[in-house]
Amino acid sequence: MFLASIGVFLLLHLLPGDPAILMAGPDAPPQTVEFVRRDMGLDQPLPVQYGVWLGHILRGDLGKSVFSKLPVSQLIGQRAPATLELALVGELLTIVIALPLGVTAAIKQRTATDWTISSATSLGLAIPNFWLGILLILLFAVALGWLPAGGHGDLLRDPLAELKFLVLPAVTLALPLAMNLSRLTKASVLEMLYEDHVRTARAKGLADAAVVNRHVLRTALVPIVTAISLDIGRLLGGALIVETIFAWPGLGTLMLSAVGNRDYVIVQACLLLLVTVFIVVNLAADISYGFLDPRIRFSTAGRGR
């Protein structure tokens, strides 16, 4: 987090040109540029600027928007729930689609089912999510009229209407990730199918379904959980494009408008938030390994003794 904070802080200073001119605008008079420079502390040495900025961050002060003059924490608080909603539904769809496809392809290896699933996953990986979103809009919103082309509803007041707004962006966000995760799931399950403890379970007379559920899936979940935690970062990054396509009022559209308005205070705060979420999710994934695979837990306990 410390290294990430340095990188996010330096973002403004790595941009070409004078940050004060970028904030004030290219046509601003010298007096305005100098006022912006003093107001933002840009006249101080870089380590001092970082220390002041980090102190404000640790106190929960993310600064004020240069464009709207509103607190950045207020703007993020307004937009973050929509992005969180989209990311959670997208991740849920990714898991629901990927795990059954991957397990089925592994169990039915070298059959027509396996070839069909492999072909579908390859096609899904080849389609960019922005193009997939446009195709879904043309089909389900324009041609069939079943779903809205964009926008956002109110989950608490009308959950059904919100679900209609959510379907297309969530599918657009989840489908490429699901195709990639299904291939990883297949490879992980295939590896576990030939482990000694799985052969022992089959030799004891356990049914195939029991062997897969009890002995294969649990140990195969370790690399899958790693991929899912990494997908959180891809979901948050892909949300910027998907939110723009579907006019979804989340952090992605907030960052895009901030870049267009040269409001880099918002961009810094949003990036810091996304990095924090990514690090926390990956830490949770690391902790979960010992619960998913007893071999990891036992080897760790052995080293402790």
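The values are calculated or read from the model by the stated rules, or taken from the named source; none is laboratory data. None of these values were measured; they are calculated from a predicted model. Positions of Cβ are generated from backbone atoms using ideal geometry, with glycine treated the same way; all protein chains shown enter the neighbour counts. Note: accessible area is taken over every heavy atom of the protein model, side chains too, but ligands, DNA and RNA are not part of it. Shrake-Rupley method; radii C 1.70, N 1.55, O 1.52, S 1.80 Å.
Would you work out what percent of the accessible area of region 16-98, with all protein chains in place, is carbon or sulfur (probe 1.4 Å)? Provide the component values of the computation, followed by the final result.
On the way: 3280 of 4900 Å².
After summing per-atom areas, the C and S share lands at 67 percent.
Report, to two decimal places, the Cα Rg of region 19-153 normalised by 2.2 N^0.38 Å (N = number of residues). List each step's numbers first, then the result.
On the way: Rg = 24.7 Å, N = 135, 2.2 N^0.38 = 14.2 Å.
For region 19-153, the normalised Cα radius of gyration is 1.74.
Accessible area per residue of region 98-190 at 1.4 Å probe, in Å²? Please list the in-between numbers first.
Working: 4930 Å² over 93 residues.
Computed with neighbouring chains in place, this is 53 Å² per residue.
With a Förster radius of 25 Å, plug the Cβ-Cβ distance of residue 50 and residue 257 into 1/(1 + (r/R0)^6) and report the FRET value to the nearest 0.05. Write out the running numbers ahead of the final one.
Numbers: r = 26 Å, r/R0 = 1.05.
Rounded to the nearest 0.05, the efficiency is 0.45.
Would you mind calculating the relative contact order of region 1-104 from Cα pairs under 8 angstrom and at least 6 residues apart, reporting the percent as a whole number? Before the final figure, lay out the partial values.
Details: 36 pairs, mean separation 14.6, N = 104.
Here the relative contact order equals 14 percent.
How large is ³J(HN,Hα) for each residue in region 33-46, as worked out from phi by the Karplus curve 6.51 cos²θ - 1.76 cosθ + 1.60 (θ = phi - 60°), to whole Hz, x for Gly and Pro?
Result, rounded to whole Hz: 4, 5, 5, 4, 4, 6, 5, 8, x, 6, 8, 8, x, 4.
Using amide H atoms built 1.01 Å from N in the peptide plane, name the residues 5+ places from residue 64, or on other chains, whose amide H lies under 5 Å from its own.
Residues meeting the amide H criterion: 72.
Restricting things to Cα coordinates, could you compute the convex hull volume per residue of region 102-175 in Å³? Before the final figure, lay out each step's value.
Values: hull volume 8.3 nm³, N = 74.
Here the figure is 112 Å³ per residue.
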